[in-house]
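A.B. asks: Provided herewith is a single structure, encoded as structure tokens, for subsequent inquiry.
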Ligand SMILES: *Cc1c(COP(=O)(O)O)cnc(C)c1O
């Protein structure tokens, strides 16, 4: 993974940690979650890495890119049997050599079941299977490197905001930062009230006693996962025009809208500094025509 310096763009006391500008073809948080699996494949002599995702998955996109660059074969198990979703994401992944297996929505529901996973592990042996979204303790351990970047690049930052999908990146931050930090995770999902439990379960064992202050906010999903409402659309377009920073509608747009709203209504003090993690996801913009 490339170690490009991370620029902090600053406006109105909000700084952006630009993970979207790191990682080359696999920008954002995904490379942090995945790198352990590439070491593991090497260590075990496994030829292939397998994982799951939808037709616009940032996770599969990053896996395919890293596999191509590091010389490891990749297999993407993709939701949607009708192949209607011939997305730009899937074109990239195929171009980078990822073998795509389409499964029905029904079959896809079994993605976290051991017996279902075993079928793919054997079919593509010798292989290592990565849970959907890289949601694992190993993935969270990889994200502890983001905490190191924060300490190096933004040593004064104490209030960190990060978008949350599986909670793996959040778990890495909680594990890597101490009690002098406050970490707010903005859930991209509607009503995922088990996320607090999930983040706890993802904490690397060595970090079980982390004392960072953290919580997950559930009111900024804008209609649900990958859904967009008028408010989000207008906010993102205005934000990009004013600040010249591209966002994705699934995660980073909702996070910045949350920050904007919490400050505008006085829940968060407008003059207090916030460090927001730009986790990438910009390839997914191609799925939203209004983003041009
Ligand atoms: C996957 C992703 C997230 C969510 O990360 P988790 O570790 O699953 O919580 C956030 N932002 C972007 C851009 C992503 O692609």
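A.B. asks: With both bridge residues required to lie in the chain, what share of the DSSP beta bridges run antiparallel, to the nearest 5%?
C.D. replies: If we restrict to bridges inside the chain, about 10 percent are antiparallel.
A.B. asks: If you don't mind, there's one more thing I want to ask. Pull out a ≥ b ≥ c, the square roots of the eigenvalues of the alpha-carbon gyration tensor of region 37-137, then state rounded if a/c is under 1.5, prolate if not and a/b is larger than b/c, and oblate in the remaining case.
C.D. replies: Oblate, since a/c reaches 1.5 and b/c is not below a/b.
A.B. asks: Let me ask something additional. Assign one of three labels to region 98-183, namely rounded, prolate or oblate, based on the Cα gyration tensor with a ≥ b ≥ c the square roots of its eigenvalues; rounded applies when a/c is under 1.5, prolate when it is not and a/b is larger than b/c, and oblate otherwise.
C.D. replies: Prolate.
A.B. asks: Give me the distance in nm between label points sitting 7 Å out from Cα along the Cα-to-Cβ direction at residue 145 and residue 69, one decimal.
C.D. replies: A separation of 1.0 nm, rounded to one decimal place.
A.B. asks: GNM, the chain, Cα, under 10 Å: largest mean-square fluctuation among 138, 31, 41?
C.D. replies: Comparing 138, 31, 41 in the GNM, the peak value goes to 41.
A.B. asks: What does the convex hull of the alpha-carbon atoms of the chain project to on average, in nm²?
C.D. replies: 14.7
A.B. asks: Compute the length gained on full extension between residue 114 and residue 201: take 0.36 nm times their separation in residues and subtract their Cα-Cα distance, giving the result in nm to one decimal. Don't skip to the answer; put the middle values down first.
C.D. replies: Details: separation 87, 0.36 × 87 = 31.32 nm, distance 1.80 nm.
Full extension from residue 114 to residue 201 adds 29.5 nm.
A.B. asks: Quick check: Cα centre of region 272-292 to Cα centre of region 28-71, how many Å?
C.D. replies: That distance is 21 Å.
A.B. asks: At a 10 Å Cβ-Cβ cut-off, how would you order 222, 68, 265, fewest neighbours first?
C.D. replies: With the fewest neighbours first, 222, 68, 265 line up as 265, 68, 222.
A.B. asks: Grab every C-alpha pair in region 175-292, bin the distances at 10 angstrom width from 0 up to the longest one, and report whole percents.
C.D. replies: With a bin width of 10 Å, the distribution comes to 12, 40, 33, 13, 1.
A.B. asks: Can you give the FRET efficiency to the nearest 0.05 for residue 88 and residue 227, using r as the Cβ-Cβ distance and R₀ = 25 Å? Display every interim value, and only then the final one.
C.D. replies: On the way: r = 20 Å, r/R0 = 0.78.
Calculated transfer efficiency: 0.80.
A.B. asks: Sort region 47-202 into rounded, prolate or oblate with this rule: let a ≥ b ≥ c be the square roots of the eigenvalues of the Cα gyration tensor; rounded if a/c is under 1.5, and if a/c is not under 1.5, prolate when a/b is larger than b/c, oblate otherwise.
C.D. replies: Here region 47-202 falls in the prolate category.
A.B. asks: What order do you get for 122-129, 279-286 when each peptide is scored by the mean count of other beta carbon atoms within 10 Å, highest first? Write out the running numbers ahead of the final one.
C.D. replies: Details: 122-129: 15.5, 279-286: 21.5.
Top of the packing list down: 279-286, 122-129.
A.B. asks: Averaging sequence separations of C-alpha pairs under 8 Å and six or more residues apart, then dividing by the length of region 214-292, give the relative contact order as a whole percent.
C.D. replies: Working: 56 pairs, mean separation 22.1, N = 79.
That works out to 28 percent.
A.B. asks: While we're looking at this one, here's another question. How high is the relative contact order of the chain, in percent, counting Cα pairs under 8 Å that sit 6 or more residues apart?
C.D. replies: Working: 573 pairs, mean separation 61.1, N = 292.
Once divided by the residue count of the chain, the mean separation gives 21 percent.
A.B. asks: Further question: For the chain, what is the mean residue ellipticity at 222 nm derived from helices alone (per DSSP H run of n ≥ 4: -39500 (n - 2.57); sum divided by total residues; nearest 500 deg cm²/dmol)?
C.D. replies: My calculation for the chain gives -11500 deg cm²/dmol from helical runs alone.
A.B. asks: Right, something else. Relative contact order (percent) for region 7-50, with alpha-carbon contacts under 8 angstrom and 6 or more residues of separation?
C.D. replies: Taking the mean separation of contacting Cα pairs over the length of region 7-50, I get 19 percent.
A.B. asks: Quick one: of the DSSP bridges fully inside region 1-144, what percent are antiparallel, nearest 5?
C.D. replies: Taking every DSSP beta bridge with both residues in region 1-144, the antiparallel ones total about 20 percent.
A.B. asks: Now a separate question. For residue 218 paired with residue 237, estimate the spin-label separation in nm (one decimal), with each label point 7 Å from Cα along the Cα-to-Cβ line.
C.D. replies: 3.2
A.B. asks: Could you work out how far apart the two model spin labels at residue 245 and residue 40 are, taking each label as a point 7 Å from the Cα in the direction of the beta carbon, and quote it in nm?
C.D. replies: About 3.2 nm separates the two model spin labels.
Read the figures in this text as sums done on the coordinates, not as results from a lab. Given the structure is predicted, the values throughout are model-derived calculations rather than measurements. No Cβ is skipped: glycine too gets one built from the backbone with ideal geometry, and neighbour counts run over all protein chains shown.
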